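Peer 1: If you scroll down you'll find the structure; I have some questions about it.
The values are calculated or read from the model by the stated rules, or taken from the named source; none is laboratory data. These figures come from a predicted structure and were not determined experimentally. Every residue, glycine as well, gets a Cβ built from its backbone with ideal geometry; the counts of neighbours run over all protein chains shown.
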């Protein structure tokens, strides 16, 4: 198959490589569309560490063309085979229903599953060959202490497509079935490729506890920041958008931001303190200056939610 392979920083080739071999519990997805994320640019430029050679890409949608789900016990994580079929998230000494930790896959009803936990894929029918899917690119180990707390998104051992694992800038990618999600036929490939970064924004809004009618600020109006603006507006918030450059701020206004502010100008923080009272500030730039501004802008008792991923250490 063809794949975009990063052989060294700023040196990429389109190469012929083998089609991924499926492990038990995985599906093979033919990639239909893939997006270029800011983190892809950072990996390409060498600003973000990577092991070469690396197939890049993680924002992707495609079609399931093969499956090995029938060879895995229900609810078992692909990486858990060496744990003697222990379900995802369960501590070796926790073997009763009442002691099951948050984060373990379960066949219980949907309403009993912790927020953010993937349902078990009970049969091959759930992810059949031919299904259109969105790929979730970060795959936690499911067994460490962080995962047992239900925080798989920050698992220190997670597999991340296009970062430390073969990515989606290829004809095919192999991935555990729990990490592909059905895509309705009425959503085009072109629109669907933005679902993964949109999910990041939705998760950030939910995590913040933001309520309808509240004032919030988004600092950094790149792609993720603009998605945060859209989602916050859709949830009924009054949004102040801030960025170093005026061009993305014009887009933020088009997406519903009530007011925009150019950072770096004298009096920016004072203006926010005088005219706004944001209960939540979303930092979407991953830069020290943006975080410093977010901390100065948030109302007393409010929250700063870090969304941006920088390429250099952030100081506060």
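Conditions tested, residue by residue: (1) more than 13 Å from residue 220 (Cα to Cα); (2) at pLDDT 95 or above; (3) assigned by TED's automatic domain parsing to the domain that holds residue 221.
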{"site": "246", "(1), (2), (3)": "no, no, yes"}
{"site": "263", "(1), (2), (3)": "no, no, yes"}
{"site": "280", "(1), (2), (3)": "yes, yes, yes"}
{"site": "294", "(1), (2), (3)": "no, no, yes"}
{"site": "312", "(1), (2), (3)": "yes, no, no"}
{"site": "316", "(1), (2), (3)": "yes, no, no"}
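Peer 1: Hey, another quick one. Residues being touching a strand residue (DSSP E or B) at 6+ places or on another chain (Cβ under 6 Å), surrounded by 16 or more Cβ atoms within 10 Å (Cβ to Cβ) and not in a loop (DSSP other than H, G, I, E, B): count how many of those fall in the range 144-161.
Peer 2: Selection size over the range 144-161: 1.
Peer 1: Now a separate question. Being within 14 Å of residue 165 (Cα to Cα) and in contact with a strand residue (DSSP E or B) (Cβ under 9 Å, 6 or more places away or on another chain) is the filter here, so list the residues in the range 23-67 that pass it.
Peer 2: The answer is 40, 43, 50, 52, 53, 54, 55, 56, 57, 58, 59.
Peer 1: Could you tell me whether the range 259-270 includes any residue that is within 16 Å of residue 230 (Cα to Cα), surrounded by 15 or more Cβ atoms within 10 Å (Cβ to Cβ) and without any contact (Cβ under 8 Å) to a residue 60 or more places away in the chain?
Peer 2: Going through the range 259-270, the residues within 16 Å of residue 230 (Cα to Cα) turn out to be 259-260.
Okay, now just the ones that are also surrounded by 15 or more Cβ atoms within 10 Å (Cβ to Cβ), so 259-260.
When the remaining residues are screened for being without any contact (Cβ under 8 Å) to a residue 60 or more places away in the chain, the result is 259-260.
Checked the range 259-270: at least one residue is within 16 Å of residue 230 (Cα to Cα), surrounded by 15 or more Cβ atoms within 10 Å (Cβ to Cβ) and without any contact (Cβ under 8 Å) to a residue 60 or more places away in the chain.
Peer 1: Now for a separate question. Filter the strands (runs of 3 or more DSSP E) completely within the range 234-316 down to those with at least 1 residues that are closer than 26 Å to residue 49 by Cα.
Peer 2: Hits in the range 234-316: 280-283, 303-306.
Peer 1: Those residues that are in a loop (DSSP other than H, G, I, E, B) and either touching a helix residue (DSSP H, G or I) at 6+ places or on another chain (Cβ under 8 Å) or outside the structural domain of residue 62 (by TED's automatic domain parsing) (or both), I need them from the range 170-181; list them, please. Write out each step before concluding.
Peer 2: We begin by selecting, within the range 170-181, every residue in a loop (DSSP other than H, G, I, E, B); these are 171.
None; the set is empty.
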